[in-house]
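Q: Have a look at the structure that comes next, please.
The values are calculated or read from the model by the stated rules, or taken from the named source; none is laboratory data. As the structure is a computational prediction, the values presented were derived from the model and not from experiment. FYI the Cβ positions are ideal-geometry reconstructions off the backbone, even for glycines, and counts take in every protein chain you see. Accessible surface areas use protein heavy atoms only, side chains included; no ligands, DNA or RNA. Shrake-Rupley method; radii C 1.70, N 1.55, O 1.52, S 1.80 Å.
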Amino acid sequence: MDTSGSWHDQDPFWELFGPILFHRERLASAKAEVEQLISLLGVRDNHRILDLSCGIGRHSLEWARLGYDVVGVDRTASFIETATGQANDEGLQVEFNVGDMRTFFRPNSFEVVVNLFGSFGYFEDQDEDRQVARNMYASLASGGKFLIETMGKEVLARTFRERDWSEEGDTLVLAERQPQENWRRIQTRWIVIKGNQRIEHTVSVRSYSAVELSTLLADCGFTNVQVYGDLEGADYDQAAKRLVVVGSR
């Protein structure tokens, strides 16, 4: 298996962590999260949805179950295969594509674009994050909305744990975190132990504050940029659970 290049471009990483990222409880939460998105964004029945970095399609499939015209995009082919298989099993009409968020866009094609579950800030060069935002701006129809949901820097600092561990079935997952570059990035050393197998990956993700992320969207052309503390639209304050930023075209 090819393990060269940046961590986010390595299939072995995503294939290893797929079952850990998309465990049963997280899959079950997709229905409520889509309902919250519909309410927060004022989504209408005829709106076209882009689920960017859709993973195995947990939100895309839920959109489709509700009758929405939805496109799901992810860079990991095995995730797209899983999502497509589930859509076929349920008889759902969903367009799933393997694609890189740095290059994927469809001009004036969507009323809503969502980027969920901390899928922003992977890239070493911040200009690539800006390129993603510009792509999504171009992909939106006039009046459309782009939503990013991630772990804000303020929330991360408040809840920071240097080390923790969890069990997913017969798999033990250990995490060791370290802020880098004055909290510009968070490096996490993941160790996965399953039976006699031990696998280690190190990832580094750019952390954004509310001001930094909302400013980035504004710089890329988005207007009426709003910040929330969860998908229900709570204030982004000391009790915030996540960082949710919405920009309009």
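Q: Considering only segment 62-100, state which residues are free of Cβ contacts under 8 Å to residues at least 60 places away in the same chain, part of a helix (DSSP H, G or I) and under 15 Å from the mean Cα position of the chain (by Cα).
A: If the condition is that a residue be free of Cβ contacts under 8 Å to residues at least 60 places away in the same chain, part of a helix (DSSP H, G or I) and under 15 Å from the mean Cα position of the chain (by Cα), then ILE80 is the only one that fits.
Q: Right, LEU147: of a type outside the set (D, E, K, R), part of a helix (DSSP H, G or I) and crowded, with 16+ Cβ neighbours inside 10 Å or not?
A: It is false that LEU147 is of a type outside the set (D, E, K, R), part of a helix (DSSP H, G or I) and crowded, with 16+ Cβ neighbours inside 10 Å.
Q: Take the residues of segment 1-58 that are of a type in the set (Asp, Glu) and free of Cβ contacts under 8 Å to residues at least 12 places away in the same chain: which is most open to solvent (accessible area, probe 1.4 Å)?
A: Residues of segment 1-58 that are of a type in the set (Asp, Glu), as a first pass: 2, 9, 11, 15, 25, 33, 35, 45, 51.
Now restrict to residues that are free of Cβ contacts under 8 Å to residues at least 12 places away in the same chain: 2, 25, 35.
Details: ASP2: 105, GLU25: 126, GLU35: 92 Å².
So the residue we want is GLU25.
Q: Collect the residues in segment 102-122 that are touching a residue at least 60 places away in the same chain (Cβ under 8 Å), buried (at least 20 other Cβ atoms within 10 Å of the Cβ) and over 13 Å from the mean Cα position of the chain (by Cα), keeping them in residue-number order.
A: PHE110, GLU111, VAL112
Q: Same structure again: Any idea how many residues of segment 195-228 are free of Cβ contacts under 8 Å to residues at least 60 places away in the same chain and either aromatic (Phe, Trp, Tyr) or assigned to a loop (DSSP other than H, G, I, E, B) (or both)?
A: Selection size over segment 195-228: 3.
Q: Does ARG249 fit the bill of being among the charged types (D, E, K, R), touching a residue at least 40 places away in the same chain (Cβ under 8 Å), within 25 Å of VAL113 (Cα to Cα) and open to solvent by less than 70 Å² (accessible area, probe 1.4 Å)?
A: Details: among the charged types (D, E, K, R): yes; touching a residue at least 40 places away in the same chain (Cβ under 8 Å): yes; within 25 Å of VAL113 (Cα to Cα): yes; open to solvent by less than 70 Å² (accessible area, probe 1.4 Å): no.
Judged against the criteria, ARG249 is not a match.
Q: Being more than 21 Å from PHE123 (Cβ to Cβ) and of a type in the set (A, V, I, L, M) is the filter here; which residues of segment 6-32 pass it?
A: Across segment 6-32, the qualifying residues are ILE20, LEU27, ALA28, ALA30, ALA32.
Q: For residues in segment 155-189 being open to solvent by less than 60 Å² (accessible area, probe 1.4 Å) and within 13 Å of ILE20 (Cα to Cα), which is modelled with the lowest pLDDT?
A: My answer is GLU168.
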